[in-house]
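Novice: To start, I am sharing the structure in question, which I have written as structure tokens.
The values are calculated or read from the model by the stated rules, or taken from the named source; none is laboratory data. For clarity, every value in this text was computed on a predicted model and none was experimentally measured. Here the Cβ positions follow ideal geometry from the backbone for every residue, glycine too, while neighbour counts run over all protein chains shown.
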2 protein chains.
Amino acid sequence: MVLTEKHKELIERIGVFHEHKGMQPLVGRIIGLLLVHEEGEVSFDEIVEQLGVSKSAVSNALTFLQAKGRCVYSTRPGDRKRYFALKVSDWREDFEKELQNIAEIQKFIDEVLEVRTEKNPEFNCKMRDFSNFLCFFKQEIPSLFERFKKQQA
Amino acid sequence: MVLTEKHKELIERIGVFHEHKGMQPLVGRIIGLLLVHEEGEVSFDEIVEQLGVSKSAVSNALTFLQAKGRCVYSTRPGDRKRYFALKVSDWREDFEKELQNIAEIQKFIDEVLEVRTEKNPEFNCKMRDFSNFLCFFKQEIPSLFERFKKQQA
DNA sequence: CGGTTAGTTCTGCAAATACAGAACTAAAAA
DNA sequence: TTTTTAGTTCTGTATTTGCAGAACTAACCG
């Protein structure tokens, strides 16, 4: 597949978006390429060529993406190459994990509340309020997906 | 205020939690200290002493936290020191921003769908599905806060 | 068997990060 | 006015990161 300027520019922006989420540059760009590539499956070699980076860098980035469960490869009979693709199928799971992750802060808030004195009750009160909300939020996550399902039907 | 081992250990863990979110180490530790410190307001000097770091590092970290709107300082009559505190009051706003932020990926999904051909309709279908969910999710955010309010009363 | 293909692992380095320490600034105190 | 206080900005540096390139491995090919 031949990438237009528009494709390349979009891949770059998807790259920096993922960089901001803490991933290393090339990892984000590979996600971009796998999203934009029309077949959805891209060989190791094509990643190297399209992104103009070294084999070692691609190898490490793909190992990372597979370890994180964001990427898989398939093979074809009579062809030794590996064709990499995003696991778009798992977007519900992934999104749920992200939501749970941002609610992780509750664990710390609760620990903080345990070690705090009552010297600043106003502060403590706001923290308890936040903790309660996070608890409520976590409970609401499953029903969020259910309501989406219903709305779709 | 004198910090116990438990305090220090909790500050460190809150620090690494924030490091994983992309912040620099000291910034995370300062958030930890401001959370754990019983007065909630901590002078520049005390941050330097409690965390055992240089004034310059603290100055830069506090400038960053203030720019991000996560921290403010107040002064006291006849006292030139600045007392720094977290803006715990804004947790609703902050949390909403975080939710909006993870939904930012929709923008890219939609751009990707625009440049994609119909060569892989299955892939496109899943992406559209995800985009629809993200749209639904964004709409649901305000009602989430409302339902929490009701439940509290 | 040696040669090719497909990818991994190792080694090294350029650039970025995160901080220390010194020099500096601005305001208050003496 | 000089000195002290409180914090900022500048300069240098140890550490980490992100990647290139070479060496390596494992399977298949001729």
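Novice: Could you check residue A:95 against (1) more than 16 Å from DNA strand D (Cβ to nearest atom); (2) closer than 18 Å to residue A:39 by Cβ; (3) surrounded by 17 or more Cβ atoms within 10 Å (Cβ to Cβ) and say which number it fails?
Specialist: Evaluating residue A:95 over (1) more than 16 Å from DNA strand D (Cβ to nearest atom); (2) closer than 18 Å to residue A:39 by Cβ; (3) surrounded by 17 or more Cβ atoms within 10 Å (Cβ to Cβ) leaves (2) as the failure.
Novice: For the range B:131-141, give me each residue that is in contact (Cβ under 8 Å) with a residue 24 or more places away in the chain and of a type outside the set (A, V, I, L, M, F, W, C). Lay out the reasoning, then the answer.
Specialist: So the first thing to find is which residues in the range B:131-141 are in contact (Cβ under 8 Å) with a residue 24 or more places away in the chain, and the list is B:131, B:134-135, B:137-138, B:141.
Those that are in contact (Cβ under 8 Å) with a residue 24 or more places away in the chain and of a type outside the set (A, V, I, L, M, F, W, C): B:131, B:138.
Novice: On to the next question. Kindly indicate whether any position in the range B:120-141 is surrounded by fewer than 15 Cβ atoms within 10 Å (Cβ to Cβ), charged (D, E, K, R), outside any helix (DSSP H, G or I) and within 9 Å of chain A (Cβ to nearest Cβ).
Specialist: So far as the range B:120-141 goes, no, none of its residues is surrounded by fewer than 15 Cβ atoms within 10 Å (Cβ to Cβ), charged (D, E, K, R), outside any helix (DSSP H, G or I) and within 9 Å of chain A (Cβ to nearest Cβ).
Novice: Does the range A:33-42 include one or more residues that are surrounded by 14 or more Cβ atoms within 10 Å (Cβ to Cβ), within 13 Å of DNA strand C (Cβ to nearest atom) and more than 8 Å from chain B (Cβ to nearest Cβ)?
Specialist: yes
Novice: Only residues that are within 19 Å of residue B:58 (Cβ to Cβ), under 14 Å from the mean Cα position of the chain (by Cα) and within 11 Å of chain A (Cβ to nearest Cβ): list them for the range B:9-27, please.
Specialist: Residues satisfying the conditions are B:14, B:15, B:16, B:18, B:19, B:23.
Novice: Consider the range B:65-100. How many of its residues are within 30 Å of residue A:97 (Cβ to Cβ) and touching a strand residue (DSSP E or B) at 6+ places or on another chain (Cβ under 9 Å)? I'd like the intermediate steps shown before the answer.
Specialist: As a first pass, look at the range B:65-100 and keep what is within 30 Å of residue A:97 (Cβ to Cβ): B:65, B:67-71, B:86-100.
The next check asks that each one be touching a strand residue (DSSP E or B) at 6+ places or on another chain (Cβ under 9 Å); those that pass are B:65, B:70-71, B:86-87.
The number of residues fulfilling the criteria is 5.
Novice: Among the listed residues A:53, A:72, A:48, A:16, which satisfies the condition of being more than 12 Å from DNA strand D (Cβ to nearest atom) and either assigned to a loop (DSSP other than H, G, I, E, B) or surrounded by fewer than 18 Cβ atoms within 10 Å (Cβ to Cβ) (or both)?
Specialist: A:72
Novice: Could you grab the pairs with beta carbons closer than 8 Å, sequence gap of 6+ or different chains, first residue in the range B:43-71 and free of Cβ contacts under 8 Å to residues at least 60 places away in the same chain and assigned by TED's automatic domain parsing to the domain that holds residue B:22, second one near DNA strand D (Cβ under 6 Å from one of its atoms) and among the charged types (D, E, K, R)?
Specialist: B:43/B:81; B:43/B:82; B:44/B:55; B:44/B:81; B:44/B:82; B:45/B:81; B:48/B:55
Novice: Taking only the range A:20-45 into account, find how many residues are modelled with pLDDT of 95 or more and assigned to a helix (DSSP H, G or I).
Specialist: 14
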